[in-house]
Each structure stands twice: as structure tokens, then as C-alpha cells.
Amino acid sequence: MGGLAISTSGLVHIYRSQGHDVAALSGIGITVPPGELVGLLGPSGAGKSTLLQLCGGLLTPSAGRLQIGEHNLATMTEAELDRMRAGDVGIVLQGAGRNLIPYLSPEDNVRFAQRAASRDRTLPEPLEVLNLVGLGDQARTPLTALTPGQIQLCAVAVGIATSPGLLLADEPTSQLDHRARDEVIAAISAINAATGMTVLLITHDPEVAAVLPRTITIRDGRIASEGRAGEEFAVVATDGSLPLPPHVAELLPPGTLLRVTTENGEVRISPVEPEGR
């Protein structure tokens, strides 16, 4: 399967907490073409994991549009979402152990993950999947004998066991040393390059973010900025609003008036002092 596109518009998700509604996402609009590798960045509680879970069909949008390939997740039934997760979307939850059966070998973990896939779907051999992440030689090794990095690679192998069009990974390098972290990111990048699988992953690690071709930063449930090839850009939202990068926002107190001018296709924004002050 080729990569699946991600498209959202006005995406909202509201949690009910202690009798109050809390908006985890407030009008998210993103487009990820098939085959892209994208990192989700932002502080804790910004809405990254909520967006990832919505894309995996683990949560239902409160409002807005969410399209994964041909799947409109806002209108799908639970049975349809189950079928999507069984074949089209692979999920690697934070904490490698949550993705694995501890008493099974890597090969058997991959084989178990393939059981829910449709019978008319051609699946790769478990050893082929493990070779993709560099664990072919450890296919029958007990998980207890693997390093933390190898266990995380096994979790990634389980996530791609059915050759999904989209891989969702929540902090796949957390609690790993630098060498293991780099091996996991290299494996995910190699999978993306070799298969065309779309990858959306969450990271708090600036060194991981620096090697990703594209990043999306979320703050307070909204898109704050995007990174491309190491350069950060502000993003105009669908409603025309423009979140400012943190280093710029620090220079402009709330309530600051900004003059927006255009000249020869160039847009300039400058603060002004209102009359009477």
C-alpha cells in the first residue's frame, strides 16, 4: 500500500473534565500528502497526542473534518474504525511495552499483530518486517534479552506489521539513550523512504525534530508554526489568524496594535503606538 494522505479542517476535540468542557484542539487544519514524514512538536498538554489519537480513530472529533486517505473519520462507525486500524493505520503507543506481548518473541509479536488484518490482504512475512527495522537477527530472541532500543524497534515493527499506509508514533524515542534514539529514527526514516508509508510522530526532542523534513508545532490546541528543512515558519489559519512565533510574541504584549502593509507582494507587520497614550 502507498502512503495515505491526512487532511483536517476546523478540527475540534473537547474533553469533559470535572463538569467543564476543555478544548484540546480548537480548529486544527493540516494537510499531509501521501508519503510524508512529519513530526508533531509542542509543550505537554498542547494537543499533540489528541491529534494523533484522532488520526488513529481512537477518539471521535467533536467538530470539523478529518480525512485519512479515503476514510472520513468523523462519520465512520466503530466497526469501520476497527477495520481501518487493523490494516490501513499502524499505531505505536508511547512506552514500547504497551505495544508488545512480553512473553512472545519479536517474530510472534509481528505475526500476532497481523491476525486482525483482512484475509484478502497480502501481508509481508514477519521476518521481512523485522528486517526493515534491523531486527532480523533477533527474530526469535526473548524480549527480556533485548536492549531498550531493540524493544522500541520491535514496537515499530508491530506498528508496520500489516504494511499500513499511515504510521502514527507517540514519542517513539522517549527514555532512550542517544544511540538507540538515532537508530529508531533512522529505522522509521528508512521505512518511510522504502515503502512510501506516511509517518506522523510526536517528539519533545529538539535533536530528533532537527532531522525531520517537516514539523508542525501545536500550542494551546492550535497550529503555532511549521518547520521545513530546519527553518521555522508562521502559519496562517483558515480563519485568517496568524499565531506569532514565541520569540516574536515575547516582544509584543497582549493588546499590541500591529500595522499590516503590503508592497510589491511583500507583507510587513509592525507595532504602532495608538493615539492618546
Classified through the alpha carbon gyration tensor (a ≥ b ≥ c as square roots of its eigenvalues; rounded if a/c is under 1.5, else prolate when a/b is larger than b/c, else oblate), segment 77-122 comes out oblate
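Would you mind working out the magnitude of the charge dipole of segment 218-277 relative to its Cα centre, with +1 at each Lys and Arg C-beta and -1 at each Asp and Glu C-beta, to the nearest 20 Debye?
Details: 6 positive and 10 negative charges, 20 e Å.
For segment 218-277, the charge dipole is close to 100 debye.
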Log entry: pair-distance distribution for segment 1-160, C-alpha pairs binned every 10 Å from zero, whole % per bin is 10, 33, 33, 20, 4, 0
The Rg/Rh figure for the chain, Cα atoms and Kirkwood Rh, to two decimals is 1.03
For the Arg140, Ala193 Cβ pair and Förster radius 30 Å, calculated FRET efficiency rounded to 0.05 is 0.60
With DSSP loop assignment and no more than 14 other C-beta atoms within 10 Å, the GluC sites (Glu not before Pro) in segment 214-277 are Glu250, Glu275
Taking Lys and Arg as +1 and Asp and Glu as -1, residues besides Ala116 with C-beta under 11 Å from its C-beta add up to +4
Ranked by GNM mean-square fluctuation in the chain (Cα springs under 10 Å), the top entry among Ala229, Ala86, Ala63 is Ala229
If the label point sits 7 Å along Cα→Cβ of Asp82, residues of segment 50-69 with amide N under 17 Å come out as 57-60
Per the C-alpha gyration tensor (a ≥ b ≥ c, the square roots of its eigenvalues), segment 148-277 is rounded if a/c is under 1.5, else prolate if a/b beats b/c, else oblate; here it's prolate
Note to self, the chain gives a 222 nm [θ] from helices alone (DSSP H runs n ≥ 4, -39500 (n - 2.57) apiece, / all residues, nearest 500) of -7500 deg cm²/dmol
Computed from the beta carbon distance with a Förster radius of 35 Å, FRET efficiency for Asp239 and Glu70 to the nearest 0.05 stands at 0.80
Net charge (Lys, Arg +1; Asp, Glu -1) of residues whose beta-carbon lies under 13 Å from that of Ala74, Ala74 excluded, is 0
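Multiply the residue separation of Ala209 and Glu273 by 0.36 nm, subtract the distance between their alpha-carbon atoms, and state the gained length in nm to one decimal.
Stretched fully, the Ala209-Glu273 segment lengthens by 19.3 nm.
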Normalised Cα Rg of segment 67-156, dividing by 2.2 N^0.38 Å with N its residue count, works out at 1.19
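Quick note: the coordinates plus some simple rules give every number you see, no bench work behind them. Predicted, not measured: the structure shown is a model, and the values here were computed from it. So basically every Cβ, Gly included, is an ideal-geometry build from the backbone, and we count neighbours across all protein chains shown.
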